[in-house]
Each structure stands twice: as C-alpha cells, then as structure tokens.
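The values are calculated or read from the model by the stated rules, or taken from the named source; none is laboratory data. Just so you know, these numbers come straight off a predicted model, no measurement behind them. Positions of Cβ are backbone-derived with ideal geometry, glycine not excepted, and every protein chain shown enters the neighbour counts. Side chains included, ligands, DNA and RNA excluded: accessible areas come from the protein's heavy atoms. Shrake-Rupley method; radii C 1.70, N 1.55, O 1.52, S 1.80 Å.
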Amino acid sequence: MNNCIFCKIIDGDIPAEKIYEDDHVLAFLDIHPVNPGHTLIIPKNKNSQNIFDIELPDWEHMSRATHMLAGAITKALNADGINLRMNNREHAGQVVYHPHIHLIPRFKGDGLIDWKGNSYKEGEAQEVLSKIKNELKYV
Ligand code: AMP
C-alpha cells in the first residue's frame, strides 16, 4: 500500500487547498504554512521521491509551474519576496518522500531565520570545486 500523503492528494483521497493543476503538476497550500500562502508544487507522477530520482520532464514541469506561481503568489499577497526551497533526504529536512518545491512568500520583518554564511578554509573551496566538477554529467 502506498502511504505517500501527496499521492493521496493527487488521487483526491484526502483534501487539499489546490491553487493550480495541469496534466503534470499540482500546487496546493502547505497545511502548516511558514507564512500565509506557503505553497507546495508536486509532480503528478508517483515514481520518484526527490531531486535524485525525479525524471527530467517532471522536473521541467515543476520548474515551469514554480516560475508562474512565484510571481502570482508574491503579487496576490503583496509579499516583499519569496523563497524557493526543496528538502531532499532526511538530513536535508525531507519528511514527505514525493518531490516537492516549497514556495514561501516573505514579508519585511517576518522574522524568519535565513541561512548564515560561513567561510572556506585555505584551499577548501578549490577542493570542493574539484570534487563537484568530477561528478558533473551534463558538461
Ligand atoms: P518536507 O519537510 O520538505 O518533506 O515538507 C513536507 C511539507 O508537507 C511540510 O511543510 C508539511 O506541512 C506539508 N504537508 C504534510 N501533509 C500535508 C497535507 N496533507 N496537506 C498540505 N501540506 C502537507
């Protein structure tokens, strides 16, 4: 049995506040919003869990919907900006194992904590760069 909560939303087995739907993606309000208008975009295909196994066409459909909805949400709510976020795997904060992009409208003074930047040690940036470049498959 499939326990994926977002699959149940796709199938209409549990309710959701749907914002947008087409043949490939569904967007709905997060049930525990970081800010009002916090939206999730998911692929309708149920064959992947996160960024690591989603097929490129599904990712492209999500990207297109994200582009459209980011502007609409920001304008509709008179937000001052918007964060796009995707949690992939447990230690990156993923709880629901169906790919989803969070769109989180931001408001001046909303008090949400942002990432704090660190510094590289001597030579560390070059080492990291080299490791990543060795894994690139699309260059
Ligand atoms: P993540 O930690 O990236 O896996 O985020 C999962 C998100 O799904 C959380 O922000 C939850 O609030 C949200 N969520 C879980 N169940 C539902 C639901 N039934 N309807 C809408 N959002 C949900």
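Here are some notes:
- Size of electric dipole in segment 5-136: Cβ of Lys, Arg +1 and of Asp, Glu -1, about Cα centre, debye, nearest 20: 300 debye
- Segment 43-88: C-alpha gyration tensor shape, a/c 1.5 cut-off, then a/b vs b/c: prolate
- For Thr74, the accessible area of its heavy atoms, probed at 1.4 Å with every protein chain present, is near 30 square angstrom.
- Prolate/oblate/rounded label for segment 5-136 (Cα gyration tensor, a/c 1.5): oblate
- Sites matching chymotrypsin sites (Phe, Trp or Tyr not before Pro) across segment 52-139 that sit in DSSP coil, with at most 13 neighbouring C-beta atoms within 10 Å: Phe52, Trp115, Tyr120, Tyr138
- Counting protein heavy atoms only, segment 22-89 has 52 percent of its accessible area on carbon and sulfur, 1.4 angstrom probe.
- For Lys44, the residues whose amide H sits under 5 Å from its own are Val25, Leu26, ignoring neighbours fewer than 5 places away on the same chain, with H placed 1.01 Å from N.
- Computed over protein heavy atoms with a 1.4 Å probe, the accessible surface of segment 5-136 works out to 68 Å² per residue.
- Scalar couplings 3J(HN,Hα) for segment 90-100, obtained by applying the Karplus form with A = 6.51, B = -1.76, C = 1.60 to θ = phi - 60°, are 3, 7, 9, x, 6, 10, 9, 8, 9, x, 7 Hz; x denotes Gly and Pro.
- Distant-in-sequence amide H partners of Ile54 (H built 1.01 Å from N, under 5 Å): Gln49
- Restricting the trypsin sites (Lys or Arg not before Pro) of segment 92-139 to loop positions (DSSP other than H, G, I, E, B) with no more than 11 neighbouring Cβ atoms within 10 Å leaves Lys108, Lys116, Lys121, Lys137.
- With θ taken as phi - 60° and the Karplus curve 6.51 cos²θ - 1.76 cosθ + 1.60 applied, the whole-hertz 3J(HN,Hα) list for segment 36-41 is x, x, 3, 10, 10, 10 Hz, x standing for glycine and proline.
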